[in-house]
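S.K.: Below is one structure. I have some questions about it.
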Amino acid sequence: MTEMRAHTKKLFIKTYGCQMNVYDSDRMSDALAPHGYETTLDMAQADLVLLNTCHIREKASEKVFSELGRLKELQGERRAMGGDMLIGVAGCVAQAEGEEIMRRQPLVDLVVGPQSYHRLPQMEARVRAGGTALDTDFPADDKFDTLRHRPKAARGPTAFLTVQEGCDKFCAFCVVPYTRGAEVSRPASRILEEARNLVERGVREITLLGQNVNAYHGAGEGGDWTLARLIWALNDIDGLERIRFTTSHPNDMGDDLIAAHGECEKLMPYLHLPVQSGSDKILKRMNRSHTAESYLRLIERIRAARPDILLSGDFIVGFPEETEADFQATMDLVEEVNYGYAYSFKYSTRPGTPAAERAQVEEDVKSERLQRLQSLITRQQRAIQDAMVGRTVGVLFEKPGRLEGQMMGKSDYLHAVHVANADVAVGDLARVEIIESGTNSLAGRLVRD
Ligand code: 5AD
Ligand code: SF4
């Protein structure tokens, strides 16, 4: 149905979790726009509220139920004024606990899993007619075929683009293979078309998204394409200046992708490559199918191709049966790699995953290890950021800063950079000399060459 109506209803989407949810939330508002919905930033004004949820850890999951509690009040207020507020839960909690949500929270009108977003308009119509709607199927029809960007809406200079979804790796701690389903790669032609469309609307940097993005193997000219092949094709798009991708698995780092980091001009010197643990015993129990040593050799090869690459990672501490020696192996690996960014988490039991059944590490032990790991990572992060002072880097400007005349952007290495009295506009890519390193950002000045 593509009937166009004036924007008469307001949509508020609250997004939790990963960047793919950010991308999906945009697609949901695009799908609902032809049906009369415009987005609002004020939840209290919304005719439809969608919570796009995350199930990766227990804390993330619980947020949904506390937000629903708050929404109950807002919905009551709107009804008292003669209006209404429909409430929908989307994302990975919807996928994993859809029926349970509907049972626990009768105020929820609609539950939609990540593979069914193209069916949202029909679901909304059903709810508006007085029913409820639950769709957590893994349908055979491809949501990406239906979910298109609104043709001409202006965009900021950076955008996400989902190229691959789902995961077949089944790490023992992770819900992704269950909530996002089996690994599916989009055809290369669709991705290139979407990228050109974004560039026409002002985008200069694209981050390719996938839960296992470097396992990309979408259909393309001459057979399946690797992620590297796709990146080289994107490199040819005039007006696109920067390419990034996330999140990668060590086992899928192909030779062509490593080489692209050294050769492809628009591919930025930044790589998020989670290892999770530095202990081979724990890696095995996590079903990671790589060792600490194979990861370190891989890092060596990547650095040989691109010596200045900034590395980022994910770590889990307190996985079942992790001893102090196992944890120390993680600390040793971090020391050896030297990360520019890293995200570390306490292991959180996820229902239905293999590790949930195993003997758990005590909470205070997890907390203490997390603190040690995070202080090491913070030290490394800070030293790498401080070492940027005196260097000249590319910065893509994204928005005005807090101070008058100041502009903010991201460096090639993804550091936040601010420039005072900068004669640049949002979307400009400029050379900037870094002059100072602060807590969370760098200060720089424009270099005119
Ligand atoms: N507990 C803690 N952290 C987890 N992650 C995934 N599942 C869990 C879990 N059950 C972390 C991993 C992954 C990141 C996105 O979240 O480090 O790379
Ligand atoms: Fe989860 Fe990533 Fe492992 Fe897939 S590879 S199961 S998404 S942690």
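The values are calculated or read from the model by the stated rules, or taken from the named source; none is laboratory data. Keep in mind the model is a prediction, meaning the values are calculated, not measured. Every residue, glycine among them, receives a Cβ derived from its backbone with ideal geometry; neighbour counts consider all protein chains shown. Only protein heavy atoms, including side chains, enter the accessible area calculation; ligands, DNA and RNA are left aside. Shrake-Rupley method; radii C 1.70, N 1.55, O 1.52, S 1.80 Å.
S.K.: Starting from the residue with the highest accessible area, list His217, His261 in decreasing order, probe 1.4 Å.
M.R.: Order by accessible area, largest first: His217, His261.
S.K.: Could you derive backbone 3J(HN,Hα) for the stretch 199-209 from the dihedral phi with the Karplus parameters 6.51, -1.76 and 1.60 (θ = phi - 60°), listing whole Hz in sequence and x where the residue is Gly or Pro?
M.R.: Residue by residue, the stretch 199-209 yields 5, 4, 9, x, 6, 10, 9, 10, 9, 7, 10 Hz.
S.K.: Where the only charges are on Cβ atoms (+1 Lys, Arg; -1 Asp, Glu), what is the dipole of the chain about its Cα centre, to the nearest 20 debye?
M.R.: So the magnitude is around 820 debye.
S.K.: Give a residue-ordered list of calculated ³J(HN,Hα) values for the stretch 15-26 (Karplus: 6.51 cos²θ - 1.76 cosθ + 1.60, θ = phi - 60°; whole Hz; x for Gly, Pro).
M.R.: 10, 10, x, 8, 5, 5, 5, 4, 4, 4, 4, 4
S.K.: Moving on to the next point. Counting only Cα, what are the radius of gyration and maximum Cα-Cα distance Dmax of the stretch 3-135, in Å?
M.R.: Calculated on Cα positions, Rg and Dmax stand at 13.6, 41 Å.
S.K.: Enumerate the calculated ³J(HN,Hα) couplings along the stretch 125-137 in order (Karplus 6.51 cos²θ - 1.76 cosθ + 1.60, θ = phi - 60°), each rounded to whole Hz, writing x wherever the residue is Gly or Pro.
M.R.: Result, rounded to whole Hz: 5, 5, 5, 4, 7, x, x, 10, 9, 10, 9, 10, 6.
S.K.: How much FRET efficiency would the formula 1/(1 + (r/R0)^6) give for Tyr343 and Ala416, where r is the Cβ-Cβ distance and R0 is 22 Å, rounded to 0.05?
M.R.: In this case the efficiency is close to 0.85.
S.K.: Per 5 Å bin, what is the whole-percent P(r) computed from every C-alpha pair distance within the stretch 392-446?
M.R.: 5, 24, 40, 25, 6, 0
S.K.: Are there cysteines in the chain with no other Cys C-beta under 4.7 Å, and if so, which?
M.R.: Cys18, Cys54, Cys92, Cys167, Cys264
S.K.: Which of the listed residues, Ile377, Thr353, Gln45, is farthest toward the dipole's positive end in the chain, when Lys, Arg count +1 and Asp, Glu count -1 at the beta-carbon?
M.R.: Value computed over the given set: Gln45.
S.K.: Taking the full set of protein chains and a 1.4 angstrom probe, give the accessible area of Val447 in square angstrom, rounded to the nearest 10.
M.R.: Result for Val447: roughly 40 Å² accessible.
S.K.: Mind ranking 395-402, 71-78 by how tightly packed they are, going by the mean number of other C-beta atoms within 10 angstrom, highest first?
M.R.: 395-402, 71-78
S.K.: Put +1 on the Cβ of each Lys and Arg and -1 on the Cβ of each Asp and Glu in the stretch 318-440; which of Ala430, Ala387, Ser411 then has its Cα farthest toward the positive end of the dipole?
M.R.: After comparing all options, I get Ala430.
S.K.: Once Lys and Arg get +1 and Asp and Glu get -1 on their Cβ, which of Leu68, Ala94, Gln19 lies farthest toward the positive end of the dipole of the stretch 1-115?
M.R.: Leu68
S.K.: To the nearest 20 debye, what charge dipole does the stretch 60-141 have about its Cα centre, counting +1 at the Cβ of each Lys and Arg and -1 at the Cβ of each Asp and Glu?
M.R.: 260 debye
S.K.: Would you mind counting up the charge near Pro351? Only other residues with Cβ under 11 Å from its Cβ, with Lys and Arg at +1 and Asp and Glu at -1.
M.R.: -3
S.K.: How far, in nm, would the chain grow between Asp137 and Leu403 when pulled straight, counting 0.36 nm per residue and subtracting the alpha carbon separation?
M.R.: Length gained, Asp137 through Leu403: 90.9 nm.
S.K.: Here's a follow-up. Can you sort Asp412, Asp423 by 1.4 Å-probe accessible area, starting with the largest? Before the final figure, lay out each step's value.
M.R.: Numbers: Asp412 30, Asp423 125 Å².
So the residues, ranked largest to smallest area, are Asp423, Asp412.
S.K.: Continuing with this model, one more query. Leaving out ligands, DNA and RNA but keeping every protein chain, what accessible area does Ile56 have, in Å² rounded to the nearest 10, with a 1.4 Å probe?
M.R.: Ile56 exposes around 50 Å² with every protein chain in place.
S.K.: When the gyration tensor of the chain is built from Cα positions, what are the square roots of 5 times its three eigenvalues, in whole Å, from largest to smallest?
M.R.: Those come to 35, 29, 23 Å.
S.K.: While we're on this one: Net charge near Leu296: determine it from the other residues with C-beta under 12 Å of the C-beta of Leu296, scoring Lys and Arg +1 and Asp and Glu -1.
M.R.: Around Leu296, the surrounding residues sum to -3.
S.K.: Using DSSP to define loop residues, name the GluC sites (Glu not before Pro) in the stretch 228-299 whose beta-carbon has at most 14 other beta-carbon atoms within 10 Å.
M.R.: Loop-located and lightly packed - Glu265.
S.K.: Rounding to the nearest 20 debye, state how big the charge dipole of the stretch 1-120 is about its Cα centre with +1 on each Lys and Arg Cβ and -1 on each Asp and Glu Cβ.
M.R.: Roughly 120 debye for the stretch 1-120.
S.K.: Run the helix sum for the chain: -39,500 (n - 2.57) per DSSP H stretch of 4+ residues, divided by residue count, reported at 222 nm to the nearest 500 deg cm²/dmol.
M.R.: On the way: 13 runs with 157 residues, N = 449.
Estimated from H runs of four or more residues: -11000 deg cm²/dmol.
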